[in-house]
1. Of all residues in region 293-328, how many are of a type in the set (A, V, I, L, M, F, W, C) and either within 16 Å of the ligand (Cβ to nearest atom) or closer than 26 Å to PRO12 by Cα (or both)?
2. Scanning region 271-292 for residues that are surrounded by fewer than 17 Cβ atoms within 10 Å (Cβ to Cβ) and more than 16 Å from SER22 (Cβ to Cβ), which turns out nearest to the ligand (Cβ to nearest atom)?
3. Filter region 4-50 down to residues that are among the acidic types (Asp, Glu) and either assigned to a strand (DSSP E or B) or more than 14 Å from the ligand (Cβ to nearest atom) (or both), then give me how many there are.
4. When you go through LEU156, LEU131, LEU165 one by one, which is the residue that is aliphatic (A, V, I, L, M) and over 20 Å from the mean Cα position of the chain (by Cα)?
5. Surrounded by 15 or more Cβ atoms within 10 Å (Cβ to Cβ) and acidic (Asp, Glu) - does that describe any residue in region 83-100?
6. When you scan region 196-218, how many residues do you find that are modelled with pLDDT of 95 or more and either within 13 Å of the ligand (Cβ to nearest atom) or within 16 Å of GLY149 (Cα to Cα) (or both)?
7. Return a yes/no flag: does region 51-74 have any residue that is acidic (Asp, Glu) and under 17 Å from the mean Cα position of the chain (by Cα).
Amino acid sequence: MNTNKIDLGFFPTPLQKLENLSQIYPDYNIYIKRDDNTGLASGGNKTRKLEFLIQQALDKGCDTVITAGAQQSNHCRQTAAACAKVGLKCHLLLGGDQPDLYDGNLLLSSLLGATIHFTGKNRKGEDKELLKEKLENEGNRCFMIPYGGSNSVGALGFVHAVKELKQQITEKQMEIDYIFFASSSGGMQAGLTVGKELYGLSSELIPISIDKDETNGSSLEEAVFNIVKELMQKLSINKKIELSEIKLNRDYDNAGYGVLTSHEINAIEELAKKEGILLDPVYTGRAFYGMLDFLRKKKLPLNSTILFWHTGGLPALFKFGKELRSES
Ligand SMILES: *Cc1c(COP(=O)(O)O)cnc(C)c1O
């Protein structure tokens, strides 16, 4: 399998101990992996996937990238930045109608030179094929990136990330017992699952579901499972894996995608005020709340070492000023 990648970000991202938080929850040692600092136009976890996806686009001789997402999509913003860097045209299909004011990720995607198509009720890239046909008729060679960059090529970024983490913990002579992160389109979870196998990382993954809705009639577990199977085959890993082995924690996604509740707000405020680190309202705020809930209720063995994998999303904070400041 072609596992070439292009350099788009700052790696390795820092692995840091959250000293203040570890004092507040003295039964645990708490660390953070700073993928909010991957570098691509304010960072985030999609940079890792795009290193492999954009390489594939270039290998195929494409000149145009098409992808889809929400208006505040971090994936679309990082895709726009990656395309700008390597000189590809970028077309984004974003759900909903064109707003009067561009802010957050939408503002950045536009500044980064992407052509933006507002797709109304079609929120998950349903219009991709039509756009591709149109652009190809105009003489462009198009490369499609799936929702969230989640296929077996994008997920390679997180297989690679496990190697990076393994190196860091070896240097620090430490072990990590549990890894919390926000899981949404499944590419990160699939990559970490396979990376764990490939590099012998013993940590248990605790992916926190962000979006309670199903995509295309299949569950997130199934989506992760399918990418894992494909990846294992491509990387010649001879291990049988069952759907039931793909774990996903769904205890925190009840409010629905992108809905900010007091849970996320309190989690964002706690990390900001105790450690000076900003979470985002949609993904990491929710996943971090889930982790704090585990710690407060002592659901994990005492003295465990816990890692929160920060996946970025900062620009969306600026979209939520009203919700964030009306509480306090
Ligand atoms: C996309 C994203 C995730 C989820 O990653 P998936 O691979 O789509 O599951 C988590 N956090 C942030 C900030 C994201 O942008």
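1. Final tally of qualifying residues: 9.
2. LEU278
3. Taking region 4-50 as the starting set, the residues that turn out to be among the acidic types (Asp, Glu) are 7, 19, 27, 35-36.
Then keep just the ones that are either assigned to a strand (DSSP E or B) or more than 14 Å from the ligand (Cβ to nearest atom) (or both); that gives 7, 19, 27.
Qualifying residue count for the region: 3.
4. That would be LEU131, the only listed residue that is aliphatic (A, V, I, L, M) and over 20 Å from the mean Cα position of the chain (by Cα).
5. Within region 83-100 (the criterion being surrounded by 15 or more Cβ atoms within 10 Å (Cβ to Cβ) and acidic (Asp, Glu)), the answer is no, since none of the residues qualifies.
6. Initial filter on region 196-218 (modelled with pLDDT of 95 or more): 196-210.
Subset that is either within 13 Å of the ligand (Cβ to nearest atom) or within 16 Å of GLY149 (Cα to Cα) (or both): 205, 207-210.
Residues flagged as modelled with pLDDT of 95 or more and either within 13 Å of the ligand (Cβ to nearest atom) or within 16 Å of GLY149 (Cα to Cα) (or both) within region 196-218 amount to 5.
7. Here is the first cut: in region 51-74, the ones acidic (Asp, Glu) are 51, 59, 63.
Then keep just the ones that are under 17 Å from the mean Cα position of the chain (by Cα); that gives 51.
There is at least one residue in region 51-74 that is acidic (Asp, Glu) and under 17 Å from the mean Cα position of the chain (by Cα).
Yes/no per residue for (1) at pLDDT below 95; (2) in contact with a strand residue (DSSP E or B) (Cβ under 9 Å, 6 or more places away or on another chain); (3) of a type in the set (Ser, Thr, Tyr):
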{"site": "HIS91", "(1), (2), (3)": "no, yes, no"}
{"site": "LEU111", "(1), (2), (3)": "no, no, no"}
{"site": "GLU126", "(1), (2), (3)": "yes, yes, no"}
{"site": "GLU136", "(1), (2), (3)": "no, yes, no"}
{"site": "ARG141", "(1), (2), (3)": "no, yes, no"}
{"site": "VAL159", "(1), (2), (3)": "no, no, no"}
{"site": "LEU165", "(1), (2), (3)": "no, yes, no"}
{"site": "ILE179", "(1), (2), (3)": "no, yes, no"}
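The values are calculated or read from the model by the stated rules, or taken from the named source; none is laboratory data. Treat the numbers as computed from the prediction; the structure is a model and nothing was measured. Backbone-built Cβ (ideal geometry, glycine too); neighbour counts: all protein chains shown.
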